[in-house]
1. So which residues in segment 155-184 are in contact with a Phe, Trp or Tyr (Cβ under 9 Å, 6 or more places away or on another chain) and assigned to a loop (DSSP other than H, G, I, E, B)?
2. Is it the case that segment 146-163 has a residue that's hydroxyl-bearing (Ser, Thr, Tyr), under 19 Å from the mean Cα position of the chain (by Cα) and closer than 19 Å to Pro66 by Cβ?
3. Which numbered condition trips up Asn6, out of (1) of a type outside the set (D, E, K, R); (2) in contact with a Phe, Trp or Tyr (Cβ under 8 Å, 6 or more places away or on another chain); (3) at pLDDT 80 or above?
4. Among the residues of segment 172-186, write down those that are open to solvent by 30 Å² or more (accessible area, probe 1.4 Å) and in contact with a Ser or Thr (Cβ under 6 Å, 6 or more places away or on another chain).
5. Which of the residues spanning segment 62-73 are in a helix (DSSP H, G or I) and under 24 Å from Ile179 (Cα atoms)?
6. Determine whether Ile152 is open to solvent by less than 50 Å² (accessible area, probe 1.4 Å), at pLDDT 85 or above, β-branched (Val, Ile, Thr) and assigned to a loop (DSSP other than H, G, I, E, B).
7. Out of everything in segment 33-66 that is exposed (fewer than 10 other Cβ atoms within 10 Å of the Cβ) and hydroxyl-bearing (Ser, Thr, Tyr), what residue ends up being modelled with the lowest pLDDT?
8. Name the residue, out of Thr95, Thr69, Thr108, that is under 22 Å from the mean Cα position of the chain (by Cα), modelled with pLDDT of 75 or more and crowded, with 18+ Cβ neighbours inside 10 Å.
Amino acid sequence: MKIAWNEIKYQPKKFILIELLITILMFMVVFLSGLTNGLGRSVSAQIDNYGSRYYILSTDSEGIIPFSTITAKDLDEINKIEGLDYSGLSIQRATISKSEDSNTLDITYFATDHNPIMEDTDLKISDLQKNEVILDHSFKEDEGIQVGDQVIDKTSKQKLKVVAFANNAKYGYSKIGFISSETYTGMRQ
């Protein structure tokens, strides 16, 4: 111990530099772990919002929900399981705009019967009519879209009426728009 103190007294600048580097590395680790957690949350926020649910994926999807496709044969096997309450989930990336010539906005459509957490409404996805959409609340804050406005899907040119907003509805760094299965099928044709 005496030798160590003598070394520190002899070259204090070298040891202060080492301590400073260790402190900076600790702050970098804390910062990067927080950044990683935030980015991870942004990727799958809506899946987390659904709570404790099980997802049935095809074997070739390698655990990635959007890559999973359930065939009619798979669906028949799922229907044989008693007491299983299930709902389909279709995920589609797209772009929308507020009008024909306005900027495009990225969106991920979720066509499902599971209900997200809503702001100021008791509306459920199962209550959606054809060509109605529930958007992530950040569309309201960032883009000024309000309930009753229409947005245009850029691919299908279909107009969707905004009926409500959902809290923290994000998936894969994109904001979510919840639509009915009927609307989703119409947009895909």
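The values are calculated or read from the model by the stated rules, or taken from the named source; none is laboratory data. Not measured: the values here are computed from a predicted model. Methodologically, a virtual Cβ is constructed for each residue, glycine included, from the backbone with ideal geometry; neighbour enumeration extends over all protein chains shown. The protein model used for the area step is the full one, side chains on, heavy atoms only, and it has no ligands, DNA or RNA in it. Shrake-Rupley method; radii C 1.70, N 1.55, O 1.52, S 1.80 Å.
1. Hit for segment 155-184 is Ala169, nothing else.
2. no
3. The failed condition is (2).
4. Residues satisfying the conditions are Tyr173, Lys175, Tyr184.
5. Once the filter is applied, which keeps residues that are in a helix (DSSP H, G or I) and under 24 Å from Ile179 (Cα atoms), segment 62-73 yields Ile65, Pro66, Phe67, Ala72.
6. Judged against the criteria, Ile152 is not a match.
7. The extreme case among them is Ser52.
8. Step by step, each of Thr95, Thr69, Thr108 is checked, and only Thr108 is under 22 Å from the mean Cα position of the chain (by Cα), modelled with pLDDT of 75 or more and crowded, with 18+ Cβ neighbours inside 10 Å.
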